[in-house]
1. Show the residue pairs that are 6+ apart or on different chains and have beta-carbon atoms under 7 Å apart, the first residue being within segment 22-39 and farther than 17 Å from Ala141 by Cα, the second being among the charged types (D, E, K, R) and open to solvent by less than 60 Å² (accessible area, probe 1.4 Å).
2. Would you be able to tell me the number of residues in segment 87-101 that are surrounded by fewer than 16 Cβ atoms within 10 Å (Cβ to Cβ) and not hydrophobic (A, V, I, L, M, F, W, C)?
3. So which residues in segment 146-163 are assigned to a helix (DSSP H, G or I) and open to solvent by 40 Å² or more (accessible area, probe 1.4 Å), if there are any at all?
4. Restricting to segment 234-244, give me the number of residues that are open to solvent by 30 Å² or more (accessible area, probe 1.4 Å) and outside any loop (DSSP other than H, G, I, E, B).
5. Going through segment 129-187 one residue at a time, which ones are modelled with pLDDT of 90 or more, in contact with a Ser or Thr (Cβ under 7 Å, 6 or more places away or on another chain) and of a type in the set (S, T, N, Q)?
6. Quick test of your reading of the structure: Gln143 fulfils all but one of (1) under 21 Å from Phe228 (Cα atoms); (2) open to solvent by 10 Å² or more (accessible area, probe 1.4 Å). Name the failing condition by number.
7. Condition (residue is in a helix (DSSP H, G or I) and open to solvent by less than 60 Å² (accessible area, probe 1.4 Å)) applied to segment 52-64: is it met by at least one residue?
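The values are calculated or read from the model by the stated rules, or taken from the named source; none is laboratory data. Treat the numbers as computed from the prediction; the structure is a model and nothing was measured. Cβ atoms come from the backbone with ideal geometry, glycine included; neighbour counts cover every protein chain shown. Just the protein is used for accessible areas: all its heavy atoms, side chains included, with ligands, DNA and RNA removed. Shrake-Rupley method; radii C 1.70, N 1.55, O 1.52, S 1.80 Å.
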Amino acid sequence: MQPVEIALLFNGTPDPVFDHLAGALNARLEPQGLTVEEISPTAPAQAAFRGGGMVLEILFSPRPLPADSFAGAMDSPISQPFRGPLGETLTRHAAHMLIRLRRDTPPDFAPAESGPQTAPPQATDALTGLRLAHAAAALLAQQYNPAAVHWRASNQMLTGAQYAGLWNDPTPWVLLARARLLAQPDGDSETPRRTLVLEGCESLVGRRVVFAGTDLPPDVIHAAALSFLRHAVETGEPVPHGHSFGPAGGETYRVTHVAPGDIHPHGAFELSAAASDAGTTPGESARSPGVNLFPFDPLVEADEDRPRHERARSLAIGYLMLVLLPPVGALLMLSNAIFGSDGWRTGVLATAALGLAMILGAYTFLNLDGGNARIYSDASTASVGAIAR
């Protein structure tokens, strides 16, 4: 099992206390049949737990992490819609907390030079380790509300609010493997075909999961690839070569087992869209409860040009408003920095601000004009009265 690290990033500086974490962890891990016990931490960790043949360590630091530790972390499709606020957090975070998981190697354990070796008690696989690390990170995130979370095993960055949606999920499949979308020009269609690669699957199923070039939406092929990964991990057997799978009444996908080669050194499970009547294969159903579930949130299409166009459009509107209405322009620039660039949202806010300014201007002008007329009228009446007297 490879070591696992999850980093929680904070804009402020919390004062963490880990006294009751062991009990909360055991309550959360009980359905998985796993328990941990608190042990004395070794520097620089402030808390440590042992269970399932693993050691979980927690390290808190009132200092930010170096920028190079996040290289490529925001290239994942799950980060694209939130590049603005994530970039601000990476630049300005003041403290961090690391959750580290490694295999337990007792100091007095020395493997024999020859003969069979005994594995540590309760030896576990990579999936159980990832679940344990996630359980600790979710509990700490609930308590201390981080601004962002860096899942280092797959090098994916997500906001604290995004991670909150995964707190109650014992296995955050969307974080276990990183999705990479590749556009492939298609001369017969105006829409480029896409290939999705799930990177980091080797430790779970021995090879990558690839969805071959298709014009299906990215969220659909991502969900299909994750569903295949989930089925293969939970059952211990991937969908067989040449078989198909998919949700009842929905799209079905054919599976091809690709042998190791130059492109995929460890081989690959290649998925492709199948005919609508290909839900089963001769002699054996290709569907299973593990494959039929698509519980993953849709992803925003990771088109490289789209974020650039959105940023350019929203910045242009923001700069224009800085000239016309400086306070409003400053607020629009700030909202784009916090919530991410969105040309539609910026345009609507700018239009509303201009409309409100015009209404207020007209109201003020009309009131001033009416006031002068009344003053003149009153003065004339007074003068007439004086002459009459």
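1. Gln32/Arg131
2. The qualifying residues number 2.
3. Passing the criteria: Ala161, Gln162.
4. Adding up the residues that qualify gives 2.
5. Residue satisfying the conditions is Gln156 alone.
6. So Gln143 meets the others, but not (1).
7. Within segment 52-64, none of the residues are in a helix (DSSP H, G or I) and open to solvent by less than 60 Å² (accessible area, probe 1.4 Å).
So that you can scan it fast, the table gives a plain yes or no per residue for (1) outside any helix (DSSP H, G or I); (2) on the phi > 0 side of the Ramachandran plot; (3) open to solvent by less than 10 Å² (accessible area, probe 1.4 Å):
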{"site": "Val209", "(1), (2), (3)": "yes, no, yes"}
{"site": "Gly213", "(1), (2), (3)": "yes, no, no"}
{"site": "Leu216", "(1), (2), (3)": "yes, no, no"}
{"site": "Ala224", "(1), (2), (3)": "no, no, yes"}
{"site": "Pro265", "(1), (2), (3)": "yes, no, no"}
